[in-house]
Amino acid sequence: MAWRTIVISKAARLRVENDQLAIIQQETITLPIEDIAVLMLESQEVLLSSALLDRLAEHEVLLFACSRKHMPSMVGVPFVKHSRLAGIQRMQLEATQPFRKRCWQQIVRRKVANQAICQAIAGKPGAQKLRDMAATVTSGDAANIESVAAREHFQALFGPDFIRGAEDGINSALNYGYAILRGTIARALTLHGFLPAHGIHHHSELNQFNLADDFLEPLRPMVDLKVVELMPEGELTKAHREALVALIHHEVFIDGKRQAALRAAEIMAASFVAACRDHDARRLKLPEILLLAAHSYE
């Protein structure tokens, strides 16, 4: 399984040499492409060959490019090579409204439960209240518990004056971390044959990753917990960004095991195949967050 995350933060030329990624700066470093899970292009002075793009797609590498402010602005996922592409997409598009509502109920319950875990780990007082709220989520989240819990959650973590969406270091860090996990989930969903623009709950016509945003929800508290640890006050530093990218290799609990978030995204996508096939939202496997620790790959 691919496990490396490569961040290119300085001017470089990237190309293929003997089926390895060659990073050419003051000296040349080569790495096996098959070991790479994520390639992040932070510098805007990176040149890469079309042959490398082809190899990255062949090895299912997730490619990010960043804006001048170092925020992820583009994610590249390979064309789907799934053997049952048409069948998977037909199941997705034919999913009934009651089924989608039950899936969203499962997702919101897990998200709010994970927010409670985040609060407990961070030593905040609102964990039990969020646990109680998670237990009350109904089909389709008719009472909008997800939104109410989010407000409680952010104010408990970052103070009563915190405004989600304001231009500050905390919001920049949240946005950065969410973007990384969103791309990771989009990759897993497309590799399993899904159309990422067609969501369970999210349905914006301007969003090509509605389905990824649905399955991002249970992992958002993982980013929140890391941002509480970092607490950036201004512009994100290189160290901040590297710590947030590294979250894809941190452990969560899913399907009875400790897994890296990268692997958890694949398990979620595979479980959605089973749920769609059986019309049973209980087939979904969703991650429980843990104390932040990097997964040890065997």
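FRET efficiency for the pair Ala197 and Glu58, taken as 1/(1 + (r/R0)^6) with r the Cβ-Cβ distance and R0 = 25 Å, rounds to 0.55. Rounded to the nearest 5, the antiparallel percentage of DSSP beta bridges internal to the chain is 65%. Across the chain, Cα-Cα pairs more than 28 Å apart make up 38 percent of the total.
Computed about its Cα centre, the charge dipole of the chain is approximately 680 debye, with only Lys, Arg, Asp and Glu carrying charge at their Cβ. The distance linking the range 59-124 with the range 156-205 is 9 Å (Cα centroid to Cα centroid, whole angstrom). Is the range 148-298 rounded, prolate or oblate when judged by the Cα gyration tensor, a ≥ b ≥ c being the square roots of its eigenvalues, rounded requiring a/c under 1.5 and prolate requiring a/b larger than b/c? Prolate shape, in that a/c is at least 1.5 and a/b is the bigger ratio. Tell me which lysines have Cα within less than 30 Å of Lys285's Cα, excluding those fewer than 8 residues away on the same chain? Output for Lys285: Lys81, Lys101, Lys111, Lys124, Lys129, Lys226, Lys257. For the range 137-238, trypsin sites (Lys or Arg not before Pro) meeting the loop criterion (DSSP other than H, G, I, E, B) and having at most 15 other Cβ atoms within 10 Å: Arg164. For the range 4-76, the Cβ-based charge dipole about the Cα centre amounts to some 400 debye (Lys, Arg positive; Asp, Glu negative; other atoms uncharged).
Once you list every other residue whose beta carbon is under 15 Å from the beta carbon of Leu230, what net charge do they have if Lys and Arg are +1 and Asp and Glu are -1? Charge balance in the 15 Å sphere: -3.
With a cut-off of 8 Å between alpha carbons and a minimum separation of six or more residues, what is the relative contact order of the chain in percent?
Values: 527 pairs, mean separation 48.7, N = 298.
Relative contact order here is 16 percent.
Of the chymotrypsin sites (Phe, Trp or Tyr not before Pro) in the range 10-119, the ones in a loop by DSSP (not H, G, I, E or B) with at most 16 other beta carbons within 10 Å are Phe79. Among the trypsin sites (Lys or Arg not before Pro) in the range 49-104, those placed in a DSSP loop whose Cβ has at most 12 other Cβ atoms within 10 Å are Arg68, Lys69, Lys81, Arg84.
Listed by Cβ neighbour count within 10 Å, with the fewest neighbours leading, Lys257, Lys285 appear as Lys257, Lys285. Projecting the Cα positions of Val227, Phe194, Ala37 onto the charge dipole of the chain (unit charges on Cβ atoms of Lys, Arg, Asp and Glu, taken about the Cα centre) puts Phe194 furthest along the positive direction.
Laboratory data are not the source of any read-out in this text; all were calculated from the coordinates shown. Quick caveat, the model's predicted, so the values are computed rather than measured. Here the Cβ is made from the backbone with ideal geometry for all residues, glycine too, and neighbour counts use every protein chain on show.
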